[in-house]
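A quick write-up on the structure given underneath.
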Amino acid sequence: MKKISALQQLRLTTLESQGLLQASPFGKGKEAVLNVLEHLGYVQIDTLSIVERAHHHTLWTRIPGYKTEYLDALVKERKVFEYWFHAASYLPMKDFRYVLPQMSKVKRNESHHYNADPKVMQYVMDTIRAEGPKKAKDFESKNKRTGSWWNWKPSKLALERLFMQGDLMICERNGMQKLYDITERVLPGDINTTEPSPIEFAEYLVKTYLRAYGCTTVKQITHLKTGKKVRKNVNEVLESMLREGIVQKVNIEGMPSVFIQSDSEEKTLRKTRPDIRLLSPFDNSIIHRDRTKQLFDFDFRLECYTPKEKRQYGYFCLPILFGDTFIGRVDCKAHRKEKQFELIHLHIENPDTDIELWIEPFIKSIKRFAGFNNCQSITLTKVTPSKQTDIIKQAILISGQG
C-alpha cells in the first residue's frame, strides 16, 4: 500500500475529526445535532439565505436526514444556546461557563461594539421580567415621534447589549427572529456558572480545537481572540500537553508548528471511497482560510462582500470537497418560489481532473442539497472550464432534475 505523506495524514485527520469522511459519524436525528455541537464546539450562525442558512447547512452536511426543527427544539429544551465564539454561534449548553469571560468584558465596557442607553436597558429588562419573553419588534414604538427613547432602534441596541453581557438569553427562534428572556429563567439549574480562570479558558480552547480538528496551530486556536495573554496561556497549555505526551508537534515546510493528538498517530487513516460534500462558506472545516490553503492548497474567499465587478467566482460559492481534495466551488441560488435550484457558476479548480470520477457523486449531492432547499429542479448556467458544460448538463437531465 502506498504510504501517505505527513500533509495528507493531517488532511485526513482533520476531515475525520470534522465528521466529513463517514456517512453518519454523529448518528441521526435530533440527538446527532447535539453530538455535532458538543464535538465541534460551535456552529456559526449566518443570516444570508441565498441557500439554506449556514448553521443548518453545516449540520445537514454531517447528519443524514437533518431537519431544521431539530436545532430549534434543542434551543427550547435548553441543551443548546446562542452566543459568540469567533462569530454569532450555537454552542452546547454544557460549555456555558466558557462564554462568561466575554460577557464580563462587555459588562465592564471593555468592548465598545455594544453601546446602549442605560435607561433603555433598564426599561427592556423590567418589561421582559414583568411580561415574559420578547422579540425586538415587540419594542417597536407605536408612537413614531422622533426622539422617543423607547422606540425600536435603541431597544434593539439594548437587547443586544443585555444579551452580550449575559443578562438576557435567546430562549427561542422563529427563523431569524429571536425571542429574549431573563437569563436565570433560561439557564438550566445544573449548569456550572463559575467563570473560568484565564488558564482554564485556554485549556477549553485547546481541547475544543484538538477534538474538532484532530490537529491545530496556535494561530488557529487564537483566531479572533484578542490579547497577548490568551496566546501566552494557549502556548503554556500546549507545552504542558507536549510534556505529558498528550499531543505531539509536527513540522511541515511552509506551515507553522502543528499540534496533533498523540492517539491520532496510532490510527491508520486511509483514504475512504471518495464522496462529494457541498460545504457552507461558514463550515467549521474551512472557516480558517489560511489553514484551508496550507492543508488543502485551496484558496477560498467568500465574495458576497466583494464588489460585483471584482468577483472571480460568484456571490455565494460553496466549496466542493471530493474525498480529501477540494476540486472546485459552485455559486448557487435557491429560487424557492419557482422551486428551482440554480448552479450559477460551477468552477473546477483543475481542468485535468477526470470528470468521470466526480460527476456522479456531484449530481447526487446537488440533488440532495436542492431537496434540502425545497427545490425540485436544477439548472446550470455556467461552467469553467466551459468544455465540460454539455457533459454536466446531460448528467443533470439524465438524473431527472433538469
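If you scan the range 17-46, which residues turn out to be surrounded by fewer than 20 Cβ atoms within 10 Å (Cβ to Cβ), over 16 Å from Y83 (Cα atoms) and out of contact with any Phe, Trp or Tyr (no Cβ under 6 Å at 6 or more places or on another chain)? Scanning the range 17-46 gives Q22, A23, S24, P25, G27, K28, G29, E31, H39. When K367 is tested against (1) in contact with a Phe, Trp or Tyr (Cβ under 8 Å, 6 or more places away or on another chain); (2) basic (K, R); (3) without any contact (Cβ under 8 Å) to a residue 40 or more places away in the chain, only condition (1) is not met.
Restrict the check to the range 112-121 and report whether at least one residue is of a type in the set (A, V, I, L, M, F, W, C), assigned by TED's automatic domain parsing to the domain that holds D138 and either closer than 20 Å to P196 by Cβ or surrounded by fewer than 17 Cβ atoms within 10 Å (Cβ to Cβ) (or both). Scanning the range 112-121, I find no residue that is of a type in the set (A, V, I, L, M, F, W, C), assigned by TED's automatic domain parsing to the domain that holds D138 and either closer than 20 Å to P196 by Cβ or surrounded by fewer than 17 Cβ atoms within 10 Å (Cβ to Cβ) (or both), so the answer is no.
Within the range 307-324, being surrounded by 14 or more Cβ atoms within 10 Å (Cβ to Cβ) and without any contact (Cβ under 8 Å) to a residue 40 or more places away in the chain holds for R311, Y313, G314, C317.
Screening Q388, Q394 for residues that are surrounded by fewer than 16 Cβ atoms within 10 Å (Cβ to Cβ), part of a helix (DSSP H, G or I), in the same structural domain as S280 (by TED's automatic domain parsing) and not β-branched (V, I, T) leaves exactly one candidate, Q394. Of all residues assigned to the range 284-295, at least one qualifies as being touching a helix residue (DSSP H, G or I) at 6+ places or on another chain (Cβ under 9 Å) and acidic (D, E). Checked across the range 47-67, the condition of being modelled with pLDDT under 95, surrounded by 13 or more Cβ atoms within 10 Å (Cβ to Cβ) and in contact with a helix residue (DSSP H, G or I) (Cβ under 6 Å, 6 or more places away or on another chain) holds for no residue. Taken residue by residue, the range 215-224 has no member that is of a type outside the set (A, V, I, L, M, F, W, C), exposed (fewer than 14 other Cβ atoms within 10 Å of the Cβ) and out of contact with any Ser or Thr (no Cβ under 9 Å at 6 or more places or on another chain).
Scanning the range 210-247 for residues being part of a helix (DSSP H, G or I) and touching a residue at least 24 places away in the same chain (Cβ under 8 Å) gives a total of 15.
With the condition kept exactly as written, say whether any residue in the range 99-110 is in a loop (DSSP other than H, G, I, E, B), loosely packed, with under 15 Cβ neighbours inside 10 Å and at pLDDT 95 or above. No; the residues of the range 99-110 include none that is in a loop (DSSP other than H, G, I, E, B), loosely packed, with under 15 Cβ neighbours inside 10 Å and at pLDDT 95 or above. Any residue at all in the range 327-338 that is among the acidic types (D, E), at pLDDT 95 or above and over 19 Å from the mean Cα position of the chain (by Cα)? The answer is yes, given that some residue of the range 327-338 is among the acidic types (D, E), at pLDDT 95 or above and over 19 Å from the mean Cα position of the chain (by Cα). Condition test on E184, is it assigned to a helix (DSSP H, G or I), more than 28 Å from H56 (Cα to Cα), without any contact (Cβ under 8 Å) to a residue 60 or more places away in the chain and of a type in the set (D, E)? It is false that E184 is assigned to a helix (DSSP H, G or I), more than 28 Å from H56 (Cα to Cα), without any contact (Cβ under 8 Å) to a residue 60 or more places away in the chain and of a type in the set (D, E).
The values are calculated or read from the model by the stated rules, or taken from the named source; none is laboratory data. On a predicted model such as this, the values are computed, not experimentally measured, just so you know. In this analysis, Cβ positions are derived from the backbone assuming ideal geometry, glycine residues included, and neighbour counts consider all displayed protein chains.
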